[in-house]
Amino acid sequence: MSEEIKFSVIMPTYGVGEYIGDALGCLMMQSYDNFEVIIVDDCSPDNSADIARSFINRDDRFVYIKHPENQGVSAARNTGIEHATGDYILFLDPDDLYEKNLLRVCAAALERNPVDLLVYSFTEDYRNYESGKIEYMKGITLELLDYDDDMLTTNDPVTIHRLAMQMEEITMLGYPWNKCYKTSVIKNNNLRFQKIKHVEDILFNCDMLDFTESLTILNDVLYHYRNQGQMRLTGGDIDDYFELQKIRVKRIFDQQQKWKTCDFEALGILSKEYFRSFQSAMVRQLETKTKTDEILKWCKNEAATPIYKEMRKYLPDNSRTIKMLYKPLAEGMFGTALKRARLMEYTKHYFPGVFNRAKQLR
C-alpha cells in the first residue's frame, strides 16, 4: 500500500465505566497516528458515556455514537462497521488493555503484506476481582510455528484453513479483538455479527475466513484480555451455554468439511472442544443446584445425539486433562464424569486461581 494505512477501531460500550478510561487512554497513547475510534454506546447505564465524551473533546479521532435503545454487542459492532472509514477494522473491547505500539506493529506488517486478515498474539490476565491485581497470566501465541521475523504470511488456501484449526485449538481464532480485518472484505461481502449470545464472534470469524485469501499471524503480544470474573460486555450467565457451543463446533466442522481439510487433527481438536464444553456445562448445572438425577438424565439424552456419537470417535488420548475429564464423558461413564465435575465446581468456587490455571490445560 502506497499511502499510510488508516485503522478504524470499533468499541462497543455498555456498563464499562470502571475500565473504558484505561482502554481509551491506551488508544490515545498509540505510537501510530492514522486511526479513528468509533465508540458505540449501547445505552450504557453508568458513566461510560461521560468518560467517552471526555476523550472526544480532546481528540477529534474519537467519534461517539449512541443507540436509541440497548441492542446488544453484535448490533453495536455492526453500527461501527457502517461508520468505519479506515482500510482495516479492529474490534477492541473497552474492558481490556492494549500495547501502545499495537497499531504501529500492525501497520508495519500490513505495509509489508496487505493481507485480508491479520492476527496478533495476546495475554489472558486473570485478576483478583477485589484488588485488580494479576494472579495468573497466560500468553496465547502460535509459538510452535516457524516464524520469519516473528511473522507468518500465506495466501495458500489449504495453509490458511489448517492454521484456522491450530488457532482454534489455543483459543486464538474465536475472538474478534486480536485481529485486523480488511474493511473492503467485510463491506463487499456484507459480513455482520449475528444477534446470538456467546458465539457471535466465532461465527463472524468463520464468515470472514470464507472470504480470506491472505493471512498474516504475528508473534507479537499486543493485547491484554482482562478477566476479573466480572460480567464483561460479552459475558454473563448463559442458560443455553452448551447448545451454543455445539453451534460453534458444527460451524467449524461444516467449514472444514467444505474446505476438504477436516482431517483427524481437525476432528480431534473439535472433539476436545465439544467434550470440554460438555464438562463445563455439567459444572454450570452443579452451580445452579440441579439435582443429580436430572444431570445424569441430561447426559444420557446428549449421548443419543448425532454430534455426540460423531465426536466421541475422535477424542484423542494425549493429555491428563482429556483422560480425567473428557474420556469418561466420551465413554458414557457419566457417574464418574459427574464426580469429577463436582471437584471442578468446588475448585472454581473456593480456589478460582487454581481453576483458571486448570482451564488452560488442553
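FYI, it's all coordinate maths here, none of it is from the lab. Keep in mind that this is a model prediction, so the values were computed, not measured. Reconstructed Cβ throughout: ideal geometry from the backbone, glycine too, with neighbour counts over all protein chains shown.
How much net charge surrounds V37 when only the other residues with a Cβ under 10 Å from the Cβ of V37 are counted, with Lys and Arg +1 and Asp and Glu -1?
Charge balance in the 10 Å sphere: -1.
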For this session: Could you tell me whether segment 71-191 comes out rounded, prolate or oblate from its Cα gyration tensor? Rule is a ≥ b ≥ c as square roots of the eigenvalues, rounded for a/c under 1.5, then prolate if a/b exceeds b/c, otherwise oblate.
Result: oblate
Problem set entry | Antiparallel DSSP beta bridges within the chain, percent to nearest 5 | 40 percent
Exercise. Against the longest principal axis of the chain, how steep is helix 334-350, in degrees 0 to 90 to the nearest 10, with axes from Cα atoms?
Worked result: 50 degrees
Exercise. Given Cα pairs under 8 Å that are at least 6 residues apart, what percent is the relative contact order of segment 7-227?
Worked result: 26 percent
Exercise. What is the helix-to-structure angle for 200-209, meaning the angle in degrees between its Cα long axis and the longest Cα principal axis of the chain, kept from 0 to 90 and rounded to the nearest 10?
Worked result: 70 degrees
For this session: Work through the residues other than I51 whose Cβ is under 12 Å from its Cβ and net out their charges, Lys, Arg +1 and Asp, Glu -1.
Result: -3
Exercise. Taking the alpha-carbon set of segment 1-156, what are its Rg and Dmax in Å?
Worked result: 16.7, 49
For this session: Jot down the per residue volume, in cubic angstrom and as a whole number, of the convex hull over the alpha-carbon atoms of segment 251-320.
Result: 96 Å³
Problem set entry | Ratio Rg/Rh, restricted to the chain and using Cα atoms, in which Rh is the Kirkwood radius | 0.97
For this session: Just add up the charged neighbours of P114: K/R +1, D/E -1, any other residue whose Cβ is under 14 Å from the Cβ of P114.
Result: -3
For this session: Provide I160, I307 in ascending order of the number of other Cβ atoms located within 10 Å of each residue's Cβ, fewest first.
Result: I307, I160
Exercise. Which residue, N155, N190, N205, has the most motion in a Gaussian network model of the chain that connects Cα atoms within less than 10 Å?
Worked result: N190
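Fewest first, what order do M137, M167 take by the number of other Cβ atoms within 10 Å?
Going from least to most buried by this count: M137, M167.
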